[in-house]
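Visitor: The structure's right below; bear with me while I get my questions together.
The values are calculated or read from the model by the stated rules, or taken from the named source; none is laboratory data. Every value quoted in this text rests on a predicted model; they were computed, and no experiment measured them. Glycine gets a Cβ as well: all are built from the backbone with ideal geometry, and neighbour counts include every protein chain shown.
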Amino acid sequence: MLELAIKGSKRYYGWMVLLLGLAGIGFLVYLKQLDFGLGITGMNRDVSWGFYIANFTFLVGVAAGGVMVVLPYYLHDYKAYGKVTILGEFLAIASVVMCITFILVDLGQPMRVMNVLLYPSPNSVLFWDTVVLNGYLFLNLIIGWNVLEAERQGVHYQSWLKPLIYISIPWAVSIHTVTAYLYCGLPGRGFWLTAILAPRFLSSAFASGPALLILLCLVIRRVSNFDPGWKQIQSLAVTVAYAICINVFFLLCEVFVAFYSQIPEHMDHLKYLFVGLHGHGAYVPWMWASMTLMVIGIILLVNPVTRKNELTLIAACLCVFFGCWIDKGLGMISGGFVPNPLHEINEYIPTPLEGLITIGVYALGFFVLSILFKIAVSVKEEVRA
Amino acid sequence: MDTSRRRILQLLGLSAAALAAPPVLDALAAGPPAAEPKIGPAKGALTAKQWAMLIDTRKFKSEADIEPLVEACHTIHNVPKIDFKRWEIKWLWAAEYQHAFSGTTSLRFIADEVAHRPYLVLCNHCENPPCVRACPTKATFKRPSDGIVMMDFHRCIGCRFCMAACPFGARSFNYRDPRPFIKETNKLFPTRMKGVVEKCNFCSERLAEGKLPACVEASGGKLKFGDLFDEGSEVRKLIQTNFTIRRKVNLGTEPAVYYIV
């Protein structure tokens, strides 16, 4: 089916060249980072994880979010999603590709990455994260590819795929749970040390992943002859509405526990993020922007009138996606490191260079996504014709 | 035949899986690994069940009392002196009271003299170290023979999970090549390369030669070093006869550095 990816319009080629260009710039800057070290980033002794790990965390969520179309279709026989499950699976693949790339660019000694398999350490959550992320990648690759191939041939997919499909559903939950466990099992990091971190990660995943999927479906409607379907988009919008409400609810639970208990180690990180601490507050405007975006998203999605209007639905999905991105991609990681274990404040501001590498990784991911979606859409067009 | 290519690919896949499986299975398998060659302690080496340090903070009046200790440590361990804050590397340093004992005790109503002393902080060589639990390659490990939390600089992949896991901020990362920032290289101790984590090693290399840690030696008796599980050790006696505190004991890591305040 790969041949479908190279037969495209000028617009498609232009888009791919743009993505390759951005990925190329990112790669050149990465060569610089490889040569100099991670010192080209804004990370430091106190904030030792930054933009890369934050985006990795966010994208694990987007990858897990794909399950929100897979689950209703395969477990509840919600037939309408038959048209879009492949998009959810392919979005998951592209997201996991970005996640793995973000991990790689974050390593100080990337050429030693195989040490994780050479000296497997089941006591380390990172070991398990490697296992579940790669597993999820292959599950979606195998399932997505074979189901699409079968659809193209006009036959039912192979029966041995069925167990893999069922496994892939809890597996999606596992990738984001394990990713949350990277953080919430660490003593002395009050901001992350909360049992609700994994559920919160999942709720924001099930909001941001399907929100992106809705936007992608709307794009596909415009640029191709394949219509993912308004009914499908509306069902997804309901999922996003529930998930974003739950996400904000979980966040408020955090705020309550921290501020009612008045334990400084839990309060101070939230204070730093939302009102600033001891005169430091680089993230304050961002965090309030995130809250505002999520609240606007809730209003637009809960209200049926705005949810059913394409324009306001687009606005709502953008609000949810970027609101979650700021919350998880900016605040969640930096917020956990500031103040540091000695209660000193050293802020982290990403540098332009790490910004370029980050854009490069996203470009690579969207390149993969475009190839996969192009194939999926072409097959759908073919089958319909 | 079309199936032949598929067959070869299947075989390749299976072989790859077979190659990757043994180390994974080994790690998950119960029971100790097969007998390994034993390396005993060197002649004259200092040994203990769990090394511990006792810092008599009453004897440190100003930063000037701390500096020679830091200097001794950083010189023999080739710790670079980088002024740019983001790239800073330190094994041993002076912190203010409220920072050193953050979450343990606070400044409120304490004597000026106590509040203004410099407090030496370093890796606590915890009995239950979260950094060791977090490391995905066992590049940082707790040495079973004497409880020192050590680093294998050549195995570290630079993921910095240990830095996030350490509740004492004891670890530094080489954000760039540290070698240009080492004034005089001590050829008896390795320098590090960019992209790996490092921290205090309780001078394991000196203990092997029967010497006390460099900071203890430079302190002129302000620091004591000994076996925590040896009832007769000086450290144990001092812990028994003085009121000591440790940093963040509430986290359950059991730090092996004790402070007399």
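Visitor: Return only the number of the condition from (1) under 21 Å from B:PRO255 (Cβ atoms); (2) of a type outside the set (Asp, Glu); (3) part of a helix (DSSP H, G or I); (4) within 13 Å of chain A (Cβ to nearest Cβ) that B:ALA94 does not satisfy.
Guide: So B:ALA94 meets the others, but not (3).
Visitor: Being at pLDDT below 95 and within 13 Å of chain B (Cβ to nearest Cβ) narrows it down to one of A:THR130, A:THR85, so name that one.
Guide: The conditions single out A:THR130.
Visitor: Related question: Looking only at strands (runs of 3 or more DSSP E) that fall completely inside the stretch B:97-155, which ones have 2 or more residues that are in contact with a Ser or Thr (Cβ under 8 Å, 6 or more places away or on another chain)?
Guide: Once the strands (runs of 3 or more DSSP E) in the stretch B:97-155 are filtered for at least 2 residues that are in contact with a Ser or Thr (Cβ under 8 Å, 6 or more places away or on another chain), what remains is B:119-122, B:149-151.
Visitor: Scan the stretch B:163-194 for residues that are part of a loop (DSSP other than H, G, I, E, B), facing chain A (nearest Cβ under 7 Å), under 18 Å from B:ASP83 (Cβ atoms) and in contact (Cβ under 8 Å) with a residue 24 or more places away in the chain and jot them down.
Guide: Within the stretch B:163-194, B:ASN174, B:TYR175, B:ARG176 meet the criteria.
Visitor: Across the stretch B:147-162, what is the total count of residues that are surrounded by fewer than 20 Cβ atoms within 10 Å (Cβ to Cβ) and away from chain A (no Cβ under 12 Å)?
Guide: 1
Visitor: Would you check if A:ASP46 is free of Cβ contacts under 8 Å to residues at least 60 places away in the same chain, outside any helix (DSSP H, G or I) and either in the same structural domain as A:ILE375 (by TED's automatic domain parsing) or under 17 Å from the mean Cα position of the chain (by Cα) (or both)?
Guide: For A:ASP46, the condition - free of Cβ contacts under 8 Å to residues at least 60 places away in the same chain, outside any helix (DSSP H, G or I) and either in the same structural domain as A:ILE375 (by TED's automatic domain parsing) or under 17 Å from the mean Cα position of the chain (by Cα) (or both) - is not met.
Visitor: Which members of the stretch A:49-83 meet the condition of being under 14 Å from A:ASN140 (Cα atoms) and not in a helix (DSSP H, G or I)?
Guide: The one that is under 14 Å from A:ASN140 (Cα atoms) and not in a helix (DSSP H, G or I): A:GLY66.
Visitor: Further question: Which one of these does A:PHE36 not meet: (1) within 23 Å of A:LEU126 (Cα to Cα); (2) facing chain B (nearest Cβ under 8 Å)?
Guide: (1)
Visitor: Of everything in the stretch A:89-117, what is under 18 Å from A:ALA363 (Cβ atoms), of a type outside the set (Val, Ile, Thr) and either touching a residue at least 24 places away in the same chain (Cβ under 8 Å) or part of a loop (DSSP other than H, G, I, E, B) (or both)? Give them in sequence order.
Guide: Within the stretch A:89-117, A:PHE90, A:LEU91, A:ALA94, A:SER95, A:MET98, A:CYS99, A:PHE102, A:ASP106 meet the criteria.
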